[in-house]
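Engineer: This is the structure, below, for whatever I ask next.
The values are calculated or read from the model by the stated rules, or taken from the named source; none is laboratory data. This is a predicted model, so every value here is computed, not measured. Reconstructed Cβ throughout: ideal geometry from the backbone, glycine too, with neighbour counts over all protein chains shown.
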Amino acid sequence: MNSTWKRRIEQVRRRWWVVAAVTVLALAGGALSALTTPTTYVGKSTLVLSGRTPEQDAVMMVGYLTIFREPATIPRLRAGTSIPADVTFDAQTVAASPILTIEATASDPGTAQSAATAMGVAFSDDINAVQKEGIQDNVTDLERQLGQIPRVDPNGATNPYYASLQERIDAARANLADQLTALQPEAGVAKVAPNITSALGRAAIGGLVLGILAALGLAALSSRVSSEDDLREKTGVEPLVELPGPRSGESPGVRRDRLRALTNLISLEDLPKPTVIALTAGHGTWGSRNIAAELAELSARRGERAVLVYADNEPAQARGEAGFNEALADPSRIPDLLRDGDIPSLKVLAVGAHLADRYPLATRARILAVLDELRSHGDIVLVAAPAISDGGDASLLCAAADAAILVVAVGSRAGDISAAAEALERAHAAVLGAVLIDATQISMHSAAVDRSDVIGLGQRPAHDHRSPVHTADIRPHSWSVPEQDHA
């Protein structure tokens, strides 16, 4: 199965409710139509064309069938009969034979049969009248010629030309070619009752087809991203992996394997060593925080010195302990601010005290100084950056990193994703691509355990006597920002 078919199937699967709704409506319509359609009766009368070979008669009968089905034919024939106005008519040829079946549909069997017989007579008379008129004209012309020829020639013998004309007149009067005659004036009546089972079957098939087409149409018109193919086609951003969420129905092993694949993709890039990878999103930070933490954990388990940096300035993560925000004010403090993770060779730099306005500290020079210092403590540095929509911090962090990854939630608007990608491009960030995550990873973050507690941002060990840095220590009025940091 090629990628196009897979994508179409995925589009239909994601919009299964559209298919279900259209199918249910079609079933309801089919059931209603079957229950409200009255029983009808079809009377039949058969006509036969004679006078030629069967093959020629069959071809001629097709022409007569076309004449019968002309819109003006039935009203004209009905005018000379007493057929009720609610009776409808049709005609059929019997295979490749010179037989024509006239069908009349009515509400009772008697009316159906009598109407079919009457219409058969009216149609055959109408067709035969034309034939008879032509024959009569031919006979009249021959009789005129016959009256001008003597019966006997001068020697008293019978005139041969006179005898020939007389034979032609007799043959013309006896000619029945192309004449429609009744084969079975009353060929029987068939009862047509609505079949609920058949109607529901047709409705189900039709509804399913229409539902699939509707789902594909909505997918084409939708401005939201629902798959990796959507992300590539609607935004131009290259997808790296798609990570399932807790409600996606996929096993936890699928998420683990795709995170490992993402780690391998990063390792295949020609990036400087040590490497700094920044993760950001168009809106919100929970997706990028979780993925950064998981990537740092995987790198540490492979024996690499990994550093996880929470640089998103999330108020919910500011626990009064010093971290990235304090490092911006003084990068030399980083060795003291780094914490041991729960996995050997993993270091964690917390958010630090939340700052309502981090703009004066988050300069390019300070960010570069912090990242350079962090490189000396790890082989790979994973930075959970703020969302692009939160301000300029994310663009500066992603531009200062060796590579950036955009985290995109399923269901995001393509325009928002494109705007985030363009913002990173304007900042000259080296964007590797995007990670597509299940929206439930964001919607359920309040009920989930924070990854920072899982891998190293929990309680300090009892022997750690470092004093925390309070928010007041880095309030704006106490900052000392060198002139060159504003360049």
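Engineer: Select the helices (runs of 4 or more DSSP H) contained entirely in the range 1-80, then report the ones holding at least 2 residues which are in the same structural domain as Q92 (by TED's automatic domain parsing) and surrounded by 14 or more Cβ atoms within 10 Å (Cβ to Cβ).
Structural biologist: Answer list for the range 1-80: 54-68, 73-78.
Engineer: If you don't mind, there's one more thing I want to ask. Say we look at the range 320-372 and pick out the residues that are among the polar types (S, T, N, Q) and touching a residue at least 60 places away in the same chain (Cβ under 8 Å); which of these is surrounded by the most Cβ atoms within 10 Å (Cβ to Cβ)?
Structural biologist: N325
Engineer: Among the residues of the range 60-80, write down those that are farther than 18 Å from L183 by Cα and modelled with pLDDT under 85.
Structural biologist: Answer for the range 60-80, where residues must be farther than 18 Å from L183 by Cα and modelled with pLDDT under 85: just G80.
Engineer: Among A204, A220, A199, which is the only one that is exposed (fewer than 14 other Cβ atoms within 10 Å of the Cβ) and more than 30 Å from L47 (Cα to Cα)?
Structural biologist: Among A204, A220, A199, only A220 is exposed (fewer than 14 other Cβ atoms within 10 Å of the Cβ) and more than 30 Å from L47 (Cα to Cα).
Engineer: Further question: From the list G341, G352, G378, which residue is in the same structural domain as L396 (by TED's automatic domain parsing) and farther than 18 Å from E321 by Cα?
Structural biologist: On inspection, the qualifying residue turns out to be G378.
Engineer: Looking at D90, is it surrounded by fewer than 19 Cβ atoms within 10 Å (Cβ to Cβ) and assigned to a helix (DSSP H, G or I)?
Structural biologist: No; evaluated as a whole, the condition is false for this residue.
Engineer: Here is a list: V307, V254, V241. Which entry is in contact with a strand residue (DSSP E or B) (Cβ under 8 Å, 6 or more places away or on another chain), β-branched (V, I, T) and surrounded by fewer than 24 Cβ atoms within 10 Å (Cβ to Cβ)?
Structural biologist: None of the other options fit; the residue is V241.
Engineer: Still on this structure, please answer the following. Is the range 123-132 home to any residue that is farther than 30 Å from T37 by Cβ, crowded, with 17+ Cβ neighbours inside 10 Å and of a type outside the set (S, T, Y)?
Structural biologist: yes
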